[in-house]
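S.K.: Let me begin by handing over the structure; questions about it come next.
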Amino acid sequence: MPSVYKAIAFRAQPVVPWSCWELGHRMNWLQSAAEKFREKRIRRLIARKSMIDPVRAGNLLRLAQRIEEESIPGDVVECGVYRGGSAATMARVATHSTLNRTVWLFDSFQGMPPVTEVDGAGAQDWVGALAYDARKVAKLLKRTGVNMSRVRIIEGFFADTFPTVNIPQIALLNVDSDWYESVKICFEKFYDAVAPGGFVSIDDYGTWPGCRLAVDEFFTKRGLTHKIIAVDNTASWFRKD
């Protein structure tokens, strides 16, 4: 029996071009997805370079955003940088400010300095620990989108470097210095420069007794009544009246 073949005609479907609205919508979606991916990658990178947990990192980010939202004048200062995770968190905002802020980062990068008796049990075990390379901190800042022309990395122990700088006004001061003597010199050097409405973050207020003692003594000596707000069982912050 002969085979029967039936011709089937195929008609190409006309291509309907996207409207301007559809094209714009798709482009915006792609740009948004790319930005979200980039932001997620940067946050993972910062987290790997930070000793602080997401709660404390989130608080520093919020304070950095608030000085922009409220147009609080002054620079951003961090005392105790280590690998630069918290510095990157703040500098990503501050170095792109319309207020032309400078971010100052102070650290010996030679490890933790000597302690005193008031720093508590276990403090001595940390002396010399946490040394790092300032060049690697700069590399991290660049990779996370920080405007490096607005950053000053000051390498050396506080007692040696603080007298060499003059920062007229500070909007956000992050003290991550652990020990009594280190925290004390940070407050003595920089507190008066903090602008009214500016913020001071103290990373170790709930951890090391020497840090808490240095802050409490400074408050008592100056008659300060700022409300110290706990972030968690380690970090705290206050707003200068």
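The values are calculated or read from the model by the stated rules, or taken from the named source; none is laboratory data. Everything numeric in this text was worked out from a predicted model, so none of it was measured. When we count neighbours, we look across all protein chains shown, and the Cβ atoms used for this are built from the backbone with ideal geometry, even at glycine.
S.K.: Given the conditions (1) out of contact with any Phe, Trp or Tyr (no Cβ under 9 Å at 6 or more places or on another chain); (2) within 19 Å of S86 (Cβ to Cβ); (3) not in a loop (DSSP other than H, G, I, E, B), which single one is not true for L172?
M.R.: Condition not satisfied by L172: (1).
S.K.: For region 186-210, what are the residues that are of a type outside the set (S, T, N, Q), free of Cβ contacts under 8 Å to residues at least 60 places away in the same chain and within 21 Å of P114 (Cα to Cα)?
M.R.: Result: F187, E188, K189, I202, D204, Y205, G206.
S.K.: Separate question: Can R38 be described as basic (K, R) and modelled with pLDDT under 60?
M.R.: Yes; evaluated as a whole, the condition is true for this residue.
S.K.: Filter region 190-216 for residues that are among the small types (G, A, S) and outside any loop (DSSP other than H, G, I, E, B); which is nearest to V175 (Cα to Cα)?
M.R.: Looking at the filtered set, the residue picked out is S201.
Residue by residue, here is whether (1) modelled with pLDDT under 95; (2) within 18 Å of the chain's Cα centre (by Cα); (3) over 23 Å from W208 (Cβ atoms) holds:
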{"site": "C79", "(1), (2), (3)": "no, yes, no"}
{"site": "D107", "(1), (2), (3)": "no, yes, no"}
{"site": "V127", "(1), (2), (3)": "no, no, no"}
{"site": "A134", "(1), (2), (3)": "no, yes, yes"}
{"site": "R143", "(1), (2), (3)": "yes, yes, yes"}
{"site": "N147", "(1), (2), (3)": "no, yes, yes"}
{"site": "I153", "(1), (2), (3)": "no, yes, yes"}
{"site": "A159", "(1), (2), (3)": "no, no, no"}
{"site": "V165", "(1), (2), (3)": "no, no, yes"}
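S.K.: Would you be able to tell me the number of residues in region 93-103 that are of a type outside the set (S, T, N, Q) and surrounded by fewer than 21 Cβ atoms within 10 Å (Cβ to Cβ)?
M.R.: 2
S.K.: Okay, moving on. Find the residue count for region 119-133, including only residues that are surrounded by fewer than 17 Cβ atoms within 10 Å (Cβ to Cβ), assigned to a helix (DSSP H, G or I) and touching a residue at least 12 places away in the same chain (Cβ under 8 Å).
M.R.: Number of matching residues: 1.
S.K.: Next question, about the same structure. Considering each residue of region 134-166, count those that are in a helix (DSSP H, G or I) and under 24 Å from V93 (Cα atoms), and give that number.
M.R.: Counting residues in region 134-166 that are in a helix (DSSP H, G or I) and under 24 Å from V93 (Cα atoms) gives 13.
S.K.: Could you check how many residues of region 175-189 are assigned to a helix (DSSP H, G or I) and among the polar types (S, T, N, Q)?
M.R.: The total comes to 1.
S.K.: Sticking with this structure for a sec: Mind checking which residues of region 217-241 are part of a helix (DSSP H, G or I), loosely packed, with under 13 Cβ neighbours inside 10 Å and of a type in the set (D, E, K, R)?
M.R.: K221, R222
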